[in-house]
Amino acid sequence: MTDSARIDVHQHILPPSYRRTLIDRNPEGWPLPEWSPGSAIAAMDENEITTGVLSISAPGTHFGDDARARETARAGNEFTAELVKDRPDRFGLFASLPLPDVDGALAEVAYAFDTLNADGVTLMTNAGGRYLGDPAFEPLWAELDARAAVVFVHPTESELPALPGIVAPIVDFPFDTTRTAVQMATSRVLSRHPRVKVILSHAGGALPFLAYRIALTAPLIGDGSDPEEILAELRRFYLDTALATSPTSLPALREFADPTHILYGSDGPFAPATSVARNDEYLDHYDAWPEGGVHAINRGNAETLFPRLAA
């Protein structure tokens, strides 16, 4: 590995207990890829990734029962923390939280940071239909701000029905990311909690494309928001590049995002290896990055968020 090898902030883990939970809950559900520490490291080596910050993907850890959700989150976090302890150079931990159980989430934040030395936490875009700007989650944001936490936001299914024959991850997931980002921005979550750093998956979904539409129509929401104020709030987010580096998406990402807020993401192992390779090629050969821009995306910006991973 070289000092320019990537830091992957969007890489998933399937702990054995979590895999069993998903299969028991929905035997005919979305196909689950195989995962092991060895296969993860092999895939990282193939794609010049030095470290993957691991997270549990959708649907998260809460399936309707608070007590069971706390157990599921704790088991996954402890499993991942052991991997990080063994290979801190190759793995990091975004700890899962059992929202919408706020008390359980607060307890897991304390355990994740104080006992497991987590690098950050993972939140799904909505929890039981409640998006992350919901006032019910304010105590959680206050605690995360007190800890200057890095928060990785991953999309999940919304309460809206999926298009017939089109599974949610293909189309609906990016829009759920957009919905939670807009709600957070219009409710000023990050202005109130400026020490929190929030990473949105897949370049923020449709956010780069819709940002100016959202800002320019802000007066319609009735709070007297200035368009520039809304744009500034939206630009507080960090955005990862997982499955979002096509020739049509990169120009929008570059024009919208703070260049220090773009981070490399692969979406492995759920993204096929061929898709990861193609996305990396688009990213590395996009000719509109400023000098040093590719290095910043591949690892420099992540080193600022996670100083322990600095080369």
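The values are calculated or read from the model by the stated rules, or taken from the named source; none is laboratory data. As the structure is a prediction and not an experimental result, all values here were calculated from the model. Please note: Cβ atoms are built from the backbone with ideal geometry, for glycine as well, and neighbour counts cover all protein chains shown. Side chains included, ligands, DNA and RNA excluded: accessible areas come from the protein's heavy atoms. Shrake-Rupley method; radii C 1.70, N 1.55, O 1.52, S 1.80 Å.
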(request) Considering every residue within region 99-119, establish whether at least one is open to solvent by 10 Å² or more (accessible area, probe 1.4 Å), more than 21 Å from residue 307 (Cα to Cα), touching a residue at least 60 places away in the same chain (Cβ under 8 Å) and assigned to a loop (DSSP other than H, G, I, E, B). (result) no
(request) Scan region 135-183 for residues that are aliphatic (A, V, I, L, M) and farther than 18 Å from residue 57 by Cβ and jot them down. (result) 136, 140, 142, 144, 146, 148, 149, 160, 163, 166, 181, 182
(request) Could you list all residues from region 271-311 that are outside any helix (DSSP H, G or I), open to solvent by less than 60 Å² (accessible area, probe 1.4 Å) and in contact (Cβ under 8 Å) with a residue 12 or more places away in the chain? (result) 271, 286, 288, 289, 306
(request) May I ask you to verify whether residue 266 is out of contact with any Gly (no Cβ under 7 Å at 6 or more places or on another chain) and either surrounded by fewer than 17 Cβ atoms within 10 Å (Cβ to Cβ) or more than 30 Å from residue 309 (Cα to Cα) (or both)? (result) no
(message) Please count how many residues of region 24-52 are in contact with a Pro (Cβ under 9 Å, 6 or more places away or on another chain), over 19 Å from residue 82 (Cα atoms) and β-branched (Val, Ile, Thr).
(response) 0
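So, in region 213-224, of the ones that are touching a helix residue (DSSP H, G or I) at 6+ places or on another chain (Cβ under 7 Å) and surrounded by fewer than 19 Cβ atoms within 10 Å (Cβ to Cβ), which residue ends up nearest to residue 146 (Cα to Cα)?
Quick first cut of region 213-224, residues touching a helix residue (DSSP H, G or I) at 6+ places or on another chain (Cβ under 7 Å) only: 214-216, 218, 221.
Those still in the list that are surrounded by fewer than 19 Cβ atoms within 10 Å (Cβ to Cβ) too: 216, 221.
On the way: 216: 32, 221: 30 Å.
Selected residue: 221.
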(message) Could you tell me how many of the residues in region 41-78 are open to solvent by 10 Å² or more (accessible area, probe 1.4 Å), part of a helix (DSSP H, G or I) and of a type outside the set (D, E, K, R)?
(response) 6
(message) Consider region 3-35. How many of its residues are open to solvent by 20 Å² or more (accessible area, probe 1.4 Å) and either more than 17 Å from residue 98 (Cα to Cα) or part of a strand (DSSP E or B) (or both)?
(response) 16
(request) Tell me which residues, restricted to region 146-167, are modelled with pLDDT of 95 or more and either within 20 Å of residue 98 (Cβ to Cβ) or more than 19 Å from the chain's Cα centre (by Cα) (or both). (result) 146, 147, 149, 150, 151, 152, 153, 154, 155, 156
(request) Output the number of residues of region 123-162 satisfying the condition of being open to solvent by 60 Å² or more (accessible area, probe 1.4 Å), out of contact with any helix residue (DSSP H, G or I) (no Cβ under 8 Å at 6 or more places or on another chain) and in a helix (DSSP H, G or I). (result) 2
